[in-house]
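Working notes for the structure below.
The values are calculated or read from the model by the stated rules, or taken from the named source; none is laboratory data. Since we're looking at a predicted model, the values are computed, not measured. Glycine also receives a Cβ, built like all others from the backbone with ideal geometry; neighbour counts cover every protein chain displayed.
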Amino acid sequence: MSLVPGATGEFTVLADGKELWDKHSTGRFPDHREILDKLPA
């Protein structure tokens, strides 16, 4: 996992090229558990 700075305050979590979370769509930051639950086993 790596952090990539964005120019517009965006916050998107990607894993293997798949989007797990997008703050723009949800309007909030994720809880740690929300990200862990979306990761493939």
Considering only residues that are farther than 23 Å from A41 by Cβ and of a type in the set (A, V, I, L, M, F, W, C), look in segment 6-30 and name the one that is surrounded by the fewest Cβ atoms within 10 Å (Cβ to Cβ).
A7
When you scan segment 9-24, how many residues do you find that are modelled with pLDDT of 85 or more and out of contact with any Asp or Glu (no Cβ under 9 Å at 6 or more places or on another chain)?
6
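Within segment 31-41, track down each residue that is part of a loop (DSSP other than H, G, I, E, B) and either surrounded by 10 or more Cβ atoms within 10 Å (Cβ to Cβ) or at pLDDT 90 or above (or both). Spell out the reasoning first.
In the first step, residues of segment 31-41 are kept if they are part of a loop (DSSP other than H, G, I, E, B); the result is 31, 39-41.
Matches in segment 31-41: D31, L39.
Quick one: in segment 1-21, which of the residues that are assigned to a strand (DSSP E or B) and free of Cβ contacts under 8 Å to residues at least 12 places away in the same chain is farthest from the chain's Cα centre (by Cα)? Even if it seems obvious, please write down each step before you answer.
As a first pass, look at segment 1-21 and keep what is assigned to a strand (DSSP E or B): 12-15, 18-21.
Checking which are free of Cβ contacts under 8 Å to residues at least 12 places away in the same chain leaves us with 14, 18-19.
Numbers: L14: 6, K18: 10, E19: 7 Å.
So, considering only residues that are assigned to a strand (DSSP E or B) and free of Cβ contacts under 8 Å to residues at least 12 places away in the same chain, the one farthest from the chain's Cα centre (by Cα) is K18.
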